[in-house]
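Each remark here refers to the structure printed beneath this line.
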Amino acid sequence: MRSRNRLAVLGGIVLAAAVVTGVATALVRDGSTAEDAGALYLDAGQPVESRVADLLGRMTLADKIGQMTQAERVKVAGDPHLVTEWRLGSVLSGGGSVPDPNTPQAWVDMINSLQRAALATPLRIPLLYGIDAVHGNGNVHGSTVFPHNVGLGAGRDPRLVEQVYQATAREMLATGIRWDFAPCVCVSRDERWGRAFESFGEDPALAGRLGGAAVDGLQKNGVIATVKHYAGDGDTEYGTGDSDYAIDQGVTVTSRADFDRVDLAPYVSAVTEHGVRSVMPSYSSVDWTEDGTGNPVKMHADRELITGKLKGDLGFDGFVITDWEGIHQLPSTDPDGTPEPTPSQVRAGVGAGIDMFMEPHTAPRFQEVLEAEVDAGRIGTDRIDDAVRRILAVKFRLGLFENPYATLGDVRGTEHRALARTAAARSQVLLKNSGDVLPLAADAKIYVAGRNADDIGNQAGGWTIDWQGRNGDIIPGATILDGIREVAPGATVTYSADASAPVGGSDVGVVVVGETPYAEGFGDVGSATWTRGTEEQKEPKSLTLRPADRAVVSKVCGAVAECVVLIVSGRPQVISDQLGEIDALVASWLPGSEGGGVADVLFGRRPFTGRLPMSWPDSVKQVPVNVGDRGYEPLFPYGWGLRTMASPDARDAAQEKAAGGRAPDGWQQRFAEAQLAEESGDTAKATTLWTRLAN
């Protein structure tokens, strides 16, 4: 039974139950009470389709438009009566929009107050509360913060991904949140993109396989998943970005065949195999090469792809939600100075097939415009009914009418912390290991340096407490330095972030460098810098290490016999010119709140098993570089990852030969092809290709 059919049952089992009491008898349009009129929609024993039809028939246009509207918590939390007045179908928290204090209890209290207001409407339709929980419920202080998707992509384990998103769902429910704007199933095709870390990788099949597991982890546990950003946002051309960004919200220039193969494929899986209930369009545009370039269409207005492909060809029966003020970016044909969203923007979005509109600060304006457009006959009532029918069906299947209120639960429990630690360990990719420096001896004399060794905000990355993230001591957990001290209590550890302390008699250096937090737009290489963050976050984004990081690497690696470098980042960092100084190199990605998982593989408590979900470029000029490109010669190909504590096989032999500089020209493409063959289930082909490289 697919997850979409399970939700009607699961919604009533896993969600915190609370009986609605003391609610005044609702009045329907003809003045009779809901009970007098039959109120079939309130009978949980009735089929969902029947309940939807009954409720839809009782709704006024204002009721319907309310269900299509989502406002931000800052507009209504201080005055929940606005939820009743606007008849809102949904409320969200944008990144960093949190109650004060930012505690689980405060979240539950806030959401329940908004829910009481929703249930005070005539038909007492409960609201859905949504949030971006993209690597755990990261907006809520104290929650478990898991590795970002790029790290989970390195782990390549659908079961682990499902468990991570299952834990995320449980911690969301513990704070009253039942709708996640995740997972991102985008296919990241350019390392300069500031959202690359939200992608599972550059291969559509990998993104689809792990994205589907994420959907299952959420929806099997009572939380609505949202696959985003439909579609092509990871494949936009550099320099086409909107809103002054370099690549984010840009234009995907492609043929329909390539779009289906690369950009659309993960959504097909999410819809047809995993029954995802919500889809969010991208800010980006698509420009088909078949009819000549230069006429891109914004995804929020793309009827062909939303109504035709998604709802028609794929049979998607959930609902489509805009991104933050998504229709405000659509071209407007209204007079200059017309407030947004303008009538033409609303018509374009509704006409394209969007069902719910994220209007964080302009909900009343959206409702006024939409009502006027319907009254004028420019938007048909059939389209309105279709949108509302989809939204109501999801709410019924979720069990929201029977269990609208939240009950406080546990966040960051022992089990979830252990899972996050395992996920962090599985995400580590060993790129180089000359002389088998790793794993380290538990009693070694270790010199730890680098700004990311003891900064939990840096290792958590964007979408943690704040939208763009924040460096420093922002969440509970363990830094990588904490993990080293815990895992190897017998080691002698000297720590100096800038390597100013004497190296002394240290046996090995562990240098932890890389990026500071960022998210969409401002994380693009070449975009405007984030001005409201910390000083570290304001630094220009780059595919190379900062000069201070490079200096620490050179200083430490030049002073110790053995040197290990860990790169904590949301994307590859070009390090070819320093590779000769480094004995062991690790892509740590963004491991989250449990730095002990990184230490576990450094000291051999767990083996290194991660494999690159993105090709690691040899130079900045080589970017973008993806498996299958002509002349594909990255420093480390897609799927590369040395192993420790394992019996060598053909893959290991091929990597050993390549690491020793003895592989033939073009070996990277053949290695990546073997990895793709293995992932597709053709292990015989993969073994044959790796064996040929090894011999």
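The values are calculated or read from the model by the stated rules, or taken from the named source; none is laboratory data. Being a predicted model, the structure only gives us computed values, none of them experimental. No Cβ is skipped: glycine too gets one built from the backbone with ideal geometry, and neighbour counts run over all protein chains shown. Note: areas computed on protein heavy atoms with side chains; ligands, DNA, RNA excluded. Shrake-Rupley method; radii C 1.70, N 1.55, O 1.52, S 1.80 Å.
Here are some notes:
- Dipole magnitude (debye, nearest 20) for the chain, charges at Cβ of Lys, Arg, Asp, Glu: 1340 debye
- Fraction of the pair-distance distribution of the chain above 35 Å, Cα-Cα pairs, percent: 42 percent
- Protein accessible area in region 151-278, 1.4 Å probe - carbon and sulfur %: 43 percent
- Net charge of Cβ neighbours under 11 Å - reference residue 683; Lys, Arg +1; Asp, Glu -1: -2
- For residue 226, the amide hydrogen comes within under 5 Å of the amide hydrogens of 180, 182, counting only partners 5 or more places away or on other chains and with H modelled in the peptide plane.
- Considering only 683, 252, 74, the residue lying farthest towards the positive end of the dipole of the chain is 683, judged by Cα position with unit charges set on Cβ.
- In the chain, the sites counted are GluC sites (Glu not before Pro) in DSSP loop states with at most 12 other Cβ atoms within 10 Å, and the longest stretch holding none of them, exclusive of the sites, is 36-289.
- For the listed residue pairs 538/621; 228/309; 228/395; 432/555; 220/395, the alpha carbons are over 22 angstrom apart in 538/621.
- Cα-based helix-to-principal-axis angle, 414-427 vs the chain, degrees rounded to 10: 60 degrees
- If the segment from residue 442 to residue 498 were pulled out straight at 0.36 nm per residue, it would be longer than the present Cα-Cα gap by 17.8 nm.
- Region 477-574 - percent of accessible surface contributed by carbon and sulfur, probe 1.4 Å: 51 percent
- Couplings 3J(HN,Hα) for region 486-500, derived from phi with the Karplus relation 6.51 cos²θ - 1.76 cosθ + 1.60 (θ = phi - 60°), are 6, 6, 10, x, x, 7, 9, 10, 10, 10, 8, 4, 9, 6, 7 Hz, where x marks Gly and Pro.
- Residues whose amide H falls under 5 Å from that of residue 640, counting only those 5 or more places apart or on a different chain, are 612, with hydrogens built in the peptide plane.
- Antiparallel bridges, percent of DSSP beta bridges restricted to the chain (to nearest 5): 20 percent
- Expected 222 nm ellipticity per residue - DSSP helices of 4 or more, -39500 (n - 2.57), all of the chain, to 500: -9500 deg cm²/dmol
- Summary value for region 299-442: 23 percent relative contact order, contacts being C-alpha pairs under 8 angstrom separated by 6+ residues.
- Axis angle, to the nearest 10 degrees, between helix 158-173 and the longest C-alpha principal axis of the chain: 50 degrees.
- Mean separation of Cα contacts under 8 Å (6+ apart) over length of region 400-509, as relative contact order %: 32 percent
- Other residues lying with their Cβ under 14 Å from the Cβ of residue 493 contribute a combined charge of -3, Lys and Arg counting +1, Asp and Glu -1.
- Extending 7 Å from Cα along the Cβ direction at residue 550 and again at residue 105 yields two label points whose distance is 5.2 nm.
- If you plug the beta carbon distance of residue 577 and residue 692 into 1/(1 + (r/R0)^6) with R0 = 41 Å, you get a FRET efficiency near 0.85.
- Probe 1.4 Å, protein heavy atoms only - accessible area per residue of the chain in square angstrom: 33 Å²
- Descending semi-axes in whole angstrom, ellipsoid equivalent of region 561-636, from the Cα gyration tensor: 25, 15, 11
- Between residue 619 and residue 414, the modelled label-to-label distance comes to 5.5 nm, taking each label 7 Å out from Cα in the direction of the beta carbon.
- Here each label is just a point 7 Å from Cα along the line to Cβ, and for residue 644 and residue 333 those points are 6.3 nm apart.
- Relative contact order, percent, the chain [alpha-carbon distance under 8 Å, six or more residues apart]: 15 percent
- Placing unit charges on each Cβ (+1 for Lys and Arg, -1 for Asp and Glu) gives the chain a dipole about its Cα centre, and among 226, 353, 444 the Cα reaching farthest toward its positive end belongs to 444.
- Whole-Hz Karplus values for region 451-462 come out as 5, 9, 6, 10, 9, 6, x, 5, 7, 8, x, x Hz, taken residue by residue from phi with 6.51 cos²θ - 1.76 cosθ + 1.60 and θ = phi - 60°; glycine and proline positions read x.
- Between helix 683-694 and the chain: long-axis angle, C-alpha atoms, 0 to 90°, nearest 10: 30 degrees
- Candidates 488, 112, 639 compared by Cα position along the dipole of the chain: farthest toward the positive end lies 488, with charges placed on Cβ.
- Net charge in the neighbourhood of residue 594 (other residues with Cβ under 9 Å of its Cβ; Lys, Arg +1, Asp, Glu -1) is +2.
- Charge dipole of region 635-695 (Cα centre as origin; +1 on each Lys and Arg Cβ, -1 on each Asp and Glu Cβ, all else neutral): 180 debye, rounded to the nearest 20.
- The eigenvalues of the Cα gyration tensor, multiplied by 5 and square-rooted, give region 139-278 an equivalent ellipsoid with semi-axes of 26, 17, 13 Å from largest to smallest.
- Apportionment of accessible area to carbon and sulfur, region 636-684, percent (1.4 Å): 49 percent
- Cysteine residues of the chain whose C-beta has no other cysteine C-beta under 4.7 angstrom: 184, 186.
- The convex hull around the C-alpha trace of region 567-695, projected and averaged over every direction, spans 8.5 square nanometres.
- Additional length obtainable on full extension of the chain from residue 255 to residue 53, 0.36 nm per residue less Cα span: 68.7 nm
- Expressed in Å, the radius of gyration and Dmax of the Cα atoms of region 88-193 are 15.7, 51.
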